[in-house]
Amino acid sequence: MKKLLLRLYLAIKHMINPDDRSPLQVAIDEGLTVGKNFHCLDGCIIDPGHVWLITIGDNVTFAPRVHILAHDASTKRALGYTKIGNVNIGNDVFIGANSTVLPGVTIGDGAIIGANSVVTHDVPAGTVCSGNPAAFLMTTEEYYAKNRERMKTAPVYGIEYYKPNITEERKAQMKRELSEHRIGFVK
């Protein structure tokens, strides 16, 4: 009976998703260029219709729901053509949750894009940009220095405060301390 259920499950799974490749592997197979140590969290969209126009460097992280677009169909009805452009994301880049990167944009090495940003123009290396449209806030060195200083007085938690190790007691402690300090840091 178990073997029959397993076969039935696999048959249904194959009918729903006949391609066993991950969405990232499909994009790579269709021309997306991706470096080493790429972390792409849930809900990200890497323009499936134009993935070969997108290059992502080494040690890049996309937080949840990041959209990388190599096309812009706003001109399609009026002109009969859709705008397209390369998107180049350098090494050691972090792009925050719900951010969108538009066609023709280059994000330089070591840049940080804040959550909910719309990146309409190139972002220089070593900078923090945020907003709609994304604008320069500070250099990454200033950002890291600011947070190093903040760590001196804010709660700092080790790996035992992260899933799957965290206990109910530690969760309560974190919640209590963070309500007092607003921001803390976890390993």
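The numbers here are math on the coordinates, done by the rules we state, and not lab data. As the structure is a prediction and not an experimental result, all values here were calculated from the model. As a convention, Cβ positions derive from the backbone with ideal geometry for all residues, glycine included, and neighbour counts pool all protein chains shown.
Charged neighbours of L102, selected by a Cβ distance under 12 Å, balance to -2 (K, R count +1; D, E count -1). Restricting attention to the chain, the count of lysine pairs at 8 or more positions apart or across chains with alpha carbons under 20 Å apart stands at 10. For the residues D47, D29, D20, a GNM of the chain with alpha-carbon springs under 10 Å puts the largest fluctuation on D20.
A Gaussian network model of the chain, with springs between Cα atoms under 10 Å, assigns the largest mean-square fluctuation among E30, E142, E169 to E169.
Work through the residues other than T82 whose Cβ is under 13 Å from its Cβ and net out their charges, Lys, Arg +1 and Asp, Glu -1. Numbers along the way, then the final one.
On the way: positive: K76, R77, K83; negative: D47, D72.
For residues surrounding T82, the net value is +1.
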